[in-house]
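Since the structure comes first, as structure tokens, the remarks are kept for the end.
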Amino acid sequence: MARIPDQKITQDLLRDYYEARGRDLPWRENRDPYKVWVSEIMLQQTRVETVIPYFNTWIERFPKLSDLADADEESILHLWQGLGYYSRARNLLKAIQIVDEHMGGSVPRDPMKLRTLPGIGEYTANAIASIAFGEPLAAIDGNLRRVLSRLFDLPDPSSADLKSKATLLLDIERPGDWNQAVMDLGATVCTPRTPDCGECPLENQCQSAKKGTQVQRPISKPKLRTRSVIQTVVIAVNSEGEFLLRKRPTEGLLAGLWEFPGTELTGNNVETSPHEDVAKNLGIDLTGDKTELIPLNSLVDKLSHLTVTYQPLLVIGFDSISHCVTPDRGYCWAGGDAVKNLPLPVGQQKLLKLAREALDAKNIQYRPSVSMSG
DNA sequence: AAGGCGTGGCC
DNA sequence: TGGCCAAGCCT
């Protein structure tokens with residue numbers, strides 16, 4: 001018999017569930033506020049299984065807050081490489097430095113103070129405060145929204161609805177465990193598409209389960225149309241076997257990461273030769289006698305809001321580079337190990353792989369090598 | 001205040 | 001396969 005969710009009953013059931021079936025995750029080994037913080041940032045819009053190896057590597061490299069405070073942006077972006085939403089990494093570094101320099105090096109337990117830090121919004125502030133410090137706050141994320149929406153059969157709960165229901169049910173004696181129990185439940189049982197209600201400790205209290213409306217709760221927002229662009233790319237390899245890369249702007253898409261130079265194919269340059277234009281700006285003459293041009297297969301990269309089709313041209317054998325390609329303009333030549341140490345978006349890593357395969361096929365050495373000849 | 005911001009897994 | 005989805009934040 002389904003009944004309206006009861007505070008005491010749901011607390012007991014969730015506590016039992018978390019003790020019996022709660023996941024054993026690296027950031028749950030203790031309540032180190034710094035580690036809780038790092039984990040919460042990494043987990044934003046990102047699955048647990050994806051985060052685990054990144055978290056472990058991160059903590060190994062920066063065991064304490066003070067270690068991270070000394071880091072530089074390029075290093076942390078490299079550690080973040082492949083995790084996505086890179087502003088999280090840059091904001092985390094900024095925020096850690098603020099705590100280190102202006103807050104005595106200790107993570108604040110006051111959620112309002114936490115929220116002043118870049119990258120920490122209402123959810124993350126409450127998560128850190130409740131998990132690390134036991135502050136009686138509900139961390140309202142996608143999981144809690146979905147669970148509450150189903151428990152109370154609310155199609156589209158407002159922020160105020162969620163706050164009142166969450167506050168009603170929150171276990172104020174163990175708020176951190178309660179929040180994490182809901183997250184585990186939402187991630188493994190009360191899932192969006194195919195909830196496993198037979199395994200749910202709250203099934204008897206769930207109004208949606210009673211009515212059979214689970215999969216319609218909560219209603220999903222209409223999705224945004226993704227834009228498509230074509231990106232012309234020049235992959236230049238010099239006589240040292242190094243690749244020419246440039247650093248992306250410090251704001252916006254993939255900020256601060258490195259990429260092969262290129263330009264968006266638009267209505268204006270489609271009639272001309274975009275590859276040639278890009279190369280010219282790099283000081284590379286594509287028409288030189290020794291210059292070899294190898295068109296690579298185009299590659300489609302799907303981002304959250306953007307689909308990019310790369311049209312890469314591999315350029316080798318040129319013999320002059322103009323003055324404009326210098327480090328102070330955000331460009332660099334990077335061979336084997338150097339490329340490994342630059343933060344590259346996944347799409348650029350795929351381009352790099354394509355280029356190396358093409359060079360291998362032509363038996364061209366792309367790593368700096370020790371010359372054995374006199 | 002709606003849209004920008006990554007990536008990989010799932011069916 | 002292509003669209004949907006995942007512990008949000010920022011502007």
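The values are calculated or read from the model by the stated rules, or taken from the named source; none is laboratory data. Values in this document were obtained by computation on a predicted structure and should not be read as measured data. As a convention, Cβ positions derive from the backbone with ideal geometry for all residues, glycine included, and neighbour counts pool all protein chains shown. Just the protein is used for accessible areas: all its heavy atoms, side chains included, with ligands, DNA and RNA removed. Shrake-Rupley method; radii C 1.70, N 1.55, O 1.52, S 1.80 Å.
Full extension of the chain between A:Lys8 and A:Asn204 yields a length gain of 69.2 nm, computed as 0.36 nm times the residue separation minus the alpha carbon distance. Taking a ≥ b ≥ c as the square roots of the Cα gyration tensor eigenvalues, segment A:192-325 comes out prolate, since a/c reaches at least 1.5 and a/b is larger than b/c.
Computed from Cα atoms, the angle from the helix A:346-361 axis to the main principal axis of chain A rounds to 40 degrees. Ranked from largest to smallest solvent-accessible area, with a 1.4 Å probe on the protein heavy atoms, A:Ser304, A:Ser208 come out as A:Ser304, A:Ser208.
For segment A:7-216, the relative contact order is 23 percent, taking Cα pairs closer than 8 Å that sit 6 or more residues apart in sequence and dividing their mean separation by the residue count. Rolling a 1.4 Å probe across the protein heavy atoms gives chain A an accessible surface of 52 Å² per residue. Got the relative contact order for chain A handy, in percent, Cα pairs under 8 Å and 6 or more residues apart? Rounded, it is 16 percent for chain A. The distance from the alpha carbon centre of segment A:59-78 to that of segment A:285-321 is 34 Å, rounded to a whole number. Between A:Val300 and A:Arg31, the distance separating the two model label sites (each 7 Å from Cα on the Cα→Cβ line) works out to 5.0 nm.
Rolling a 1.4 Å probe over the protein heavy atoms leaves A:Ile140 with an accessible area of roughly 50 Å².
Using the Cβ of A:Asp177 as centre and a radius below 15 Å, the other residues enclosed give a net charge of -3, where K and R count +1 and D and E count -1. Rolling a 1.4 Å probe across all protein chains gives A:Val308 an accessible area of roughly 10 Å². Loop-located chymotrypsin sites (Phe, Trp or Tyr not before Pro) in segment A:58-124 (DSSP state not H, G, I, E or B) with no more than 12 neighbouring Cβ atoms inside 10 Å do not occur.
When you restrict to C-alpha pairs under 8 Å that are six or more residues apart and normalise by the size of segment A:244-299, the relative contact order lands at 19 percent. Considering only A:Glu73, A:Glu19, A:Glu259, the mean-square fluctuation computed in a Gaussian network model of chain A, springs between alpha carbons under 10 angstrom, is largest for A:Glu19. For A:Ser273 and A:Ala71, calculate 0.36 nm times their separation in residues minus their Cα-Cα distance, and state this gained length in nm to one decimal. Gain on stretching A:Ser273 to A:Ala71: 68.5 nm. Computed per residue of chain A from DSSP H runs no shorter than four, each worth -39500 (n - 2.57), the mean residue ellipticity at 222 nm is -12500 deg cm²/dmol.
Sequence-ordered 3J(HN,Hα) estimates for segment A:55-71 from the Karplus curve with 6.51, -1.76 and 1.60 and θ = phi - 60° stand at 4, 4, 5, 4, 5, 5, 7, 10, x, 10, 3, 5, 5, 5, 4, 8, 6 Hz, glycine and proline given as x.
In terms of the Cα gyration tensor, with a ≥ b ≥ c the square roots of its eigenvalues, is segment A:72-124 rounded because a/c is under 1.5, prolate because a/b exceeds b/c, or oblate? Oblate shape, in that a/c is at least 1.5 and b/c is the bigger or equal ratio. Measuring with a 1.4 angstrom probe and ignoring ligands and nucleic acids, A:Val107 comes out at about 20 Å² accessible. Put a dot 7 Å past the Cα of A:Asp289, heading toward its Cβ, do the same for A:Lys113, and the two dots end up 7.2 nm apart. Once you sort the root eigenvalues of the Cα gyration tensor of chain A as a ≥ b ≥ c, which label holds: rounded (a/c under 1.5), prolate (a/b larger than b/c) or oblate (the other case)? Prolate.
Counting only protein heavy atoms and a 1.4 Å probe, tell me what percentage of chain A's accessible area is made up of carbon and sulfur. C and S fraction of accessible area: 49 percent.
Once you reduce segment A:177-214 and segment A:7-31 to the center of their Cα atoms, the two points are 14 Å from each other. Amide H contacts for A:Ile230 (H built 1.01 Å from N in the peptide plane; partners 5 or more residues away or on another chain; cut-off under 5 Å): A:Leu265, A:Thr309.
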